[in-house]
Amino acid sequence: MPPVNRNQPKRAVSSESQYSLMEFMAEYPDDATCLEWLWRNRYAKDGKHAICPKCEKRRAFKRYETAQARQSWTCVACGHHLHPTAGTIFHKSSTSLHLWFYAVYLMTSTRCGISAKQIERELGVTYKTAWRMCHEIRHKLMTQDDDPFTASLVEADETYMGGRRRRGTGTGRPGTDDPRKPAVFGIVERGKGGRVVAVTVSNAKAATLMPHITRRVLPSSTVYTDEFTSYKGLQKAGYDHRRIHHAERVYVSGDIHTNTIEGFWSLVKRGVGGVYHAVSAKHLQGYLNEYAWRYNHRADGRALFSTLLRRAAGA
């Protein structure tokens, strides 16, 4: 075995990781470094000069030690304070920025999700704090956009979250706004690096699903679905509609299938069942945001963490 420097561990070349824990700790060793990163990325690239809202000019700023341990920089000309955490998920949080950054790192480095209980154990905070941190990251940083898909081949499918029904509770599709079996709808682009959008819906009727398709899928695109009746209007809406008949146990016919979106649903359901065990309808959209965001940035590697951190800074 060749000699190694144990004080400076390096990531193995064969490792799938592109941004390890050691690299994170070296780049963000303490709270002051995290605050300095926010200051430079939000206001002052050089760390010293920024636009003063009061002076309306580019001024020199300096950070002074105060009894209140104020996390701000002060304009040397007029005394105006700029707070790097203001307007971010870190605003008015007594939790260390270092712990916030580490929580972001954990949520971007996992493949199947990480529970608030695990965040609590990793960070040494209360469960309430860990839950709030995860909630803020999912709902404010991992939000999905409404930009239309650029690919001409997309798949669409609906599914239902929740466990199996008990005997004697009925058959068929769940009703509108069923809290035990909430409906979700997803659209995914085919091809390498294809983007996915997943949203909660009140029901799986055509009037509910079609607006999501027309808003995100360009006209004349080819849309692959199963034989569900809610998709009958796609041809009339100007799309090239291709169906696969799951009821006849046909799952692939040439290039006609919905395996891409079904694969995404599998990731979501296995992740929710294995990591979170159960998710209420109230918070389901946040978890869909998390899985969709991670899926859409699956090829980013190190940028997965950096992209989310820049979102937190509003950069």
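The values are calculated or read from the model by the stated rules, or taken from the named source; none is laboratory data. This is a predicted model, so every value here is computed, not measured. FYI the Cβ positions are ideal-geometry reconstructions off the backbone, even for glycines, and counts take in every protein chain you see. The accessibility values were calculated without ligands, DNA or RNA, using every heavy atom of the protein model including side chains. Shrake-Rupley method; radii C 1.70, N 1.55, O 1.52, S 1.80 Å.
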Solvent-accessible area of Asp147 with every protein chain in place, 1.4 Å probe, in Å² to the nearest 10: 90
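Among the DSSP beta bridges whose two residues both lie in the chain, what percent are antiparallel, rounded to the nearest 5? Kindly include the intermediate steps, with their values, before the conclusion.
Values: 22 of 30 bridges.
The antiparallel proportion sits near 75 percent.
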With point charges of +1 on the Cβ of Lys and Arg and -1 on the Cβ of Asp and Glu, referenced to the Cα centre of region 123-274, which listed residue (Leu218, Ile256, Ile187) lies farthest in the positive direction of the dipole? Ile187
With a 1.4 Å probe and all protein chains in place, put Trp293, Trp131, Trp37 in order of accessible area, largest first. Trp131, Trp37, Trp293
Taking a ≥ b ≥ c as the square roots of the Cα gyration tensor eigenvalues, with a/c under 1.5 meaning rounded and otherwise prolate when a/b beats b/c, else oblate, which class fits region 156-315? oblate
Could you check how much of the accessible area of the chain is carbon and sulfur, as a whole percent, using a 1.4 Å probe? 51
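Holding the Cα-Cα limit at 29 Å, pick out from Lys205/Lys282; Lys128/Lys205; Lys140/Lys181; Lys192/Lys269; Lys48/Lys117 the pairs that are longer than that. Write down the numbers at each step before the final one.
On the way: Lys205/Lys282 20 Å; Lys128/Lys205 37 Å; Lys140/Lys181 25 Å; Lys192/Lys269 22 Å; Lys48/Lys117 40 Å.
Pairs exceeding the cut-off: Lys128/Lys205; Lys48/Lys117.
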Normalising by the residue count of the chain, find the relative contact order in percent from Cα pairs under 8 Å and 6+ residues apart. 18
If I take every Cα pair under 8 Å that is 6 or more residues apart in region 51-198, average their sequence separation and divide by the length, what percent do I get for the relative contact order? 13
Could you give the length gained by full extension between Arg164 and Glu16, i.e. 0.36 nm per residue of separation minus their alpha carbon distance, to one decimal place? 49.7 nm
Assuming a ≥ b ≥ c are the square roots of the Cα gyration tensor eigenvalues, decide whether the chain counts as rounded (a/c under 1.5), prolate (otherwise, with a/b larger than b/c) or oblate. prolate
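Rounded to the nearest 500, what is the chain's calculated 222 nm mean residue ellipticity when only DSSP H runs of at least 4 contribute -39500 (n - 2.57) each, over all residues? Provide the component values of the computation, followed by the final result.
Working: 9 runs with 98 residues, N = 315.
Per the formula, -9500 deg cm²/dmol.
What GluC sites (Glu not before Pro) does region 179-287 have in DSSP loop regions with at most 15 other beta carbons within 10 Å?
Numbers: sites: Glu189, Glu227, Glu248, Glu262; in loops: Glu227.
Qualifying residues, ordered by number: Glu227.
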